[in-house]
């Protein structure tokens with residue numbers, strides 16, 4: 001049997017754009033099932049957060065997420081770098097979804113081949129954001 005419909009999923013936002021993180025946070029706040037556990041600016045910070053390293057060692061302040069919303073094009077380590085790292089990290093309960101401005105077929109294909117559970121195009125329209133949230137919920141139900 002699946003998870004209860006009211007279950008919350010903690011989200012880690014990974015994007016170098018403060019504006020894009022803001023839009024994602026606003027989108028997620030419309031659905032109480034997706035509280036934002038943390039926000040980081042690049043792939044290296046994402047890895048540090050996931051491993052509880054350095055600044056992110058306090059799991060009370062920086063709880064382990066259920067969902068990783070991951071941008072691809074970032075400084076230091078890219079989203080692809082994080083996906084490659086996740087292939088050897090043991091985090092089977094983490095649901096990874098790429099949210100990128102790129103709709104290049106090779107970016108979509110590579111992301112999914114590296115283990116992303118879904119790929120979404122960044123959007124600012126409420127209708128498309130609501131569809132993204134509905135798609136995320138369906139994916140989580142399928143993985144439960």
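For the reader, a short list of remarks on this structure follows.
- Förster radius 25 Å - calculated FRET efficiency between residue 51 and residue 76, Cβ distance, rounded to 0.05: 0.95
- Between the C-alpha center of the range 1-80 and that of the range 95-119 there is a gap of 16 Å.
- Note on residue 103 and residue 131: the extension gain reaches 8.4 nm, defined as 0.36 nm multiplied by sequence separation minus the Cα-Cα distance.
- Based on alpha carbons, the Rg and Dmax found for the range 31-105 are 12.4, 39 Å.
- Taking a ≥ b ≥ c as the square roots of the Cα gyration tensor eigenvalues, the range 1-56 comes out oblate, since a/c reaches at least 1.5 and a/b does not exceed b/c.
- Calculated [θ] (222 nm, deg cm²/dmol) that DSSP helices of n ≥ 4 give over the chain, each run adding -39,500 (n - 2.57): -12500 deg cm²/dmol
- Length added when fully stretched, residue 121-residue 18, from 0.36 nm per residue minus Cα-Cα: 35.4 nm
- Cα-based Rg of the chain normalised by 2.2 N^0.38 Å, two decimals: 0.97
- Under the shape rule built on the C-alpha gyration tensor, where the axes satisfy a ≥ b ≥ c, the range 65-137 is oblate, since a/c reaches at least 1.5 while a/b does not exceed b/c.
Every read-out reported here was derived from the displayed coordinates using simple, explicitly stated rules and does not represent laboratory data. None of the values given here were measured: they were computed from a predicted structure. Cβ sites come from the backbone with ideal geometry, for glycine too, and all protein chains shown count toward neighbours.
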